[in-house]
Structures are given as structure tokens and as C-alpha cells.
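Below is one structure, written out as C-alpha cells; comments come after it.
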Amino acid sequence: MQNRSQQYLKRSVAILERNSEVIPGGLASINRKADPCIAFARAQGSRMWDVDGNEYIDYHAGFAPYILGHNDPDQIDAVAATLRSGRSNYGSGPTEDEGELARLFLSCLPMADKVQFVNTGSEATAQAIRIARAVTGREHMIRMQGGYNGNQNVVATNLMTSAQELGGKNRPGEEYPVVPITAGIPKAEQALLHPVPYNDLAAVEIIAKRYEIAALITEPELQNIGVIKPRPGYLEGLRTLADKYGFVLIFDEVKTGFRASLGGYQQVSGVSPDISTFGKAFANGYPIAALAGKRRFMDACIDADPKRRVLIAGTYNCHPICVGAAIACLKKLKDPALRVYDRLEHLAQRLEDGQRKILADSKTTASISRIGSAHCVYCSDHTPVDWWDLLRSHDFAFDLRYRKALIEQVIYNVPVATKQGSISFAHTDDDIDQTLEATKSALKVLKQ
Ligand SMILES: Cc1ncc(COP(=O)(O)O)c(C=O)c1O
């Protein structure tokens, strides 16, 4: 199936139209709306099929969770066994399974003492911030321009902000204006947020001197605007500043956790956060998330003083289906015989090497940034160091055309500029080679 065009997406278009009569926007998560807006019907391993019967090699991975691939057979068996076992979401008392999951989880994260489970990454980051505020007795927060830490009021600002919204100029060593990514955040809450440039320690220090900072939350590398890596010493510098000014260092590892390595980016960098948040890869696509960290912070939910105690509660926290799915996933990720991370590295390197050659041969201005199986092709002569750099150097229009041309060649990266791609354990050398052939064809079409 090659060189397909919109007419092959007839049923996708009809479904969006029909859904829009009853769902605002036609779908349940507005950031799933892209052009083309494909309705998928089935997925297995590295492949997805849409409602019109077209087959794709998938690198979107549902916004990154699918580290083992879609519908991993061992995970399906575990989930099916859970469903048939008589387990229920009792809503009272502990379960043996949640204890097993916690021990398995912490065995991957030597820098954390304890863990709590919630349902989504957004809940995990909001909860981590609440703990930081409760423990420090402070309210102000530092976050990164270009970072995403979830959909809650406490963080939903300053992602892919336009230059105009940022006041038309870069602000090294300073904070940016707060630019919400949703309506409805009270001004009083916005006033507690201080977005700074990533990779800029001077900016963090100035803000830490200016306000009573409860916490700094950051993805250790920014993976919601491609893959932007920390400069050498940056994360260590954040650790030093957190200790110097008494704020809590929160690594949001919802994307990097269990993907950058089994121990997340904290293992790669060797920098120990106070609290870190997880979701996505540790359950290979099932809705469970976590916050883990040092005892002093994690025990805030059992503080003897009710005025200092942080509420952690949720009807569906540790739902048995998700616990079963997460245990099955972690067992596979940890299995030395499978060497999951070696395989991911091999596949990702093969893709990167091939892309570099093809992009150079076709004289396309591009640079590639990658950590393990997470990767991004920037349409720029260098890999950016922060959002402003990206905004100024990246050819957003070409990026979109490139993604759409690849979709026409059955390679699915989400058609939104700068979004990161993810390789799964289910991808094969053959998938990568097909992707590279498709890349050649896509570029040929674009250069015509
Ligand atoms: C780094 C990061 N933090 C938090 C979240 C929010 O997670 P969720 O969508 O599960 O609420 C995301 C989602 O993409 C994310 O990438």
C-alpha cells in the first residue's frame, strides 16, 4: 500500500464527523486531533490498522507508552488471567498484588525509597507538587518552557508557546511570562508558576532567590518537543540549587521512565531527584501512573499531624487490571534473557544511522536527537538546547509535510511538528528497513 491519499481515509473522516455530533471535537483527548485525523481500528506489535484497512508501522506508540508493542501477548495473558481470577477493585484494604508491583517497581529505581500509584501522569505530577508544597510550607513553582507536566492547573502552561506570547524575545537567565495552555486557570494560581528556559541554571537561581520556591518540576530531558537533552552538568546543577535553596527537585519521568533505561533518566544521569513521577511505559499502555521518591516526601500521606498530611485517594488507584498489566510489563522489561533495552538500542541506532544517510544524501537540513528508543528528527542544522532555540531554528512547515509524506508511505509518526517517536520491543530490523525505504520515497516526493 503506497502513496495513498485522503480518499483512502474515507471511513476515518466519516467517523470523526459522526462523533462530533455527540463529542465536542469528535474525540476524547483533543491532542489526538491531527491532520490527517486517522481512526484506528486494531493494533498488534509494531503495526496499526485504520478503519479503512490501511496498515502502518507505528512510531507514535500512543504518545509513548507502548514499549513492548501493542497487545503484547504475555501482557494480554496476564490481563486475561486477572479478569478471570475473581479479583475486583474492592475499594477497601490492601492487595498482595499492589505490594508485588511496588517491590518490582522500586527494584528498578534504586534512588527511590517508596512509591504510590495513581491513574494518570497528570495526577502523579499534581500529587508530587502537593507533597512538595506540604513538606516545604511554600507555594511557588518553577517549571520549564517547553516542558509538559500534565493537564492540571498547577502545570498546564508554557508548552509550544509562540514567540509573540513570550513577549517576542528570549530571556536567558530570567523567567518567561506564564502562558496557559488551557482556559480556566485562576490568575492566583498562575502567579505561583515561574517558567524558565531549560538548560539555564542562572534563571533557576534568580527565581529561587526571588520567591519562596516549593519545587522545581522538569522532565529530565524535554520529550514533549522532540528530545531535548540536558547540557553536561545541568541536572547536577539543579540538584545543587535545590539543596542550596531548599526546594524539592521533581523529575517528571512520565515519558522517560522505563524508556530511557530501566531506571529512567535518573539512572542515565546519576542525578537523584527528591520525587519522580511515572506513567506510560511501565504498564505498556494501561492507565496506571506512579510517584516515587525519598521516604521523607513519600511519607507525607501518613504524617501523624493531620494538618500536614497529604491526601492520596482514588477510587481506581491500583485497579487490578492495571496492576496485572504493569507487573507483566515490568517482568518483561527486567528479564535478562530478553535484553529489552539492548534490542531497543540496536533498532534505534539502525534507524538513526539510516535516517542520517538518507537525509544527507537528499541534502535535507536536519539533525537527529535520540536517547534510547525515543527519537526526533529536527528540521534544523543543529539539535536545539531549549524551546526558544527550537522555535527559531526549526522548519515547522517542512516537519509537518515530512510527517504527512511518511504517513502516505505507511509510516505513522503523529502529524504534529516536533513530536517525538518511540520504538518498541516488537519492532523488527525489517520494520526499520521498510521505514528507511519509505523515508527515501517520502523525501523524493517532497523534493519534486
Ligand atoms: C512528561 C509528561 N508528564 C505528564 C504527562 C501527563 O500524563 P497523562 O497524559 O497520563 O495525564 C505527560 C503526558 O504526555 C508527559 O509527557
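The values are calculated or read from the model by the stated rules, or taken from the named source; none is laboratory data. Because the structure is a prediction, the values reported are computed rather than measured. Please note: Cβ atoms are built from the backbone with ideal geometry, for glycine as well, and neighbour counts cover all protein chains shown.
Only one entry of Thr256, Thr240 meets the criterion of being farther than 26 Å from Thr418 by Cβ and assigned by TED's automatic domain parsing to the domain that holds Asn284, and that entry is Thr240.
In the condition set (1) of a type in the set (A, V, I, L, M, F, W, C); (2) surrounded by 20 or more Cβ atoms within 10 Å (Cβ to Cβ); (3) touching a Pro at 6+ places or on another chain (Cβ under 8 Å), Leu400 is compliant with all but (2). Being buried (at least 21 other Cβ atoms within 10 Å of the Cβ), modelled with pLDDT of 95 or more and within 16 Å of the ligand (Cβ to nearest atom) is a property that does not hold for Ala203.
Of everything in the range 261-305 that is in a strand (DSSP E or B) and over 19 Å from Val227 (Cβ atoms), the residue that is nearest to the ligand (Cβ to nearest atom) is Ala289.
Residues satisfying the criterion are absent from the range 164-187 (criterion: part of a strand (DSSP E or B), over 21 Å from the mean Cα position of the chain (by Cα), modelled with pLDDT of 95 or more and under 30 Å from Asp305 (Cβ atoms)).
For the range 75-102, how many residues meet the condition of being closer than 26 Å to Arg343 by Cα and loosely packed, with under 14 Cβ neighbours inside 10 Å? Number of matching residues: 2.
Is at least one residue of the range 383-399 within 27 Å of Glu219 (Cβ to Cβ), in a loop (DSSP other than H, G, I, E, B), polar (S, T, N, Q) and at pLDDT 95 or above? Yes - at least one qualifying residue is present in the range 383-399.
Just one residue in the set Phe117, Phe105 is surrounded by 17 or more Cβ atoms within 10 Å (Cβ to Cβ), within 16 Å of the ligand (Cβ to nearest atom) and not in a loop (DSSP other than H, G, I, E, B); that residue is Phe117. Arg350 satisfies every condition listed in (1) assigned by TED's automatic domain parsing to the domain that holds Ser85; (2) not in a loop (DSSP other than H, G, I, E, B) except (1). Filtered by the rule that a residue be of a type in the set (Val, Ile, Thr) and within 16 Å of the ligand (Cβ to nearest atom), the range 11-44 gives a lone residue, Ile30. Within the range 228-260, being away from the ligand (no atom under 16 Å from the Cβ) and outside any helix (DSSP H, G or I) holds for Arg231, Pro232, Gly233, Gly246, Phe247, Val248. When Ala134, Ala126 are checked against the criterion of being within 24 Å of Val271 (Cβ to Cβ), away from the ligand (no atom under 16 Å from the Cβ), of a type in the set (Gly, Ala, Ser) and outside the structural domain of Ala417 (by TED's automatic domain parsing), a single residue qualifies: Ala134. Hey, could you check the range 155-195 for residues that are within 16 Å of the ligand (Cβ to nearest atom) and among the hydroxyl-bearing types (Ser, Thr, Tyr) and say which is farthest from Glu219 (Cα to Cα)? Of everything passing the filter in the range 155-195, Thr182 is farthest from Glu219 (Cα to Cα).
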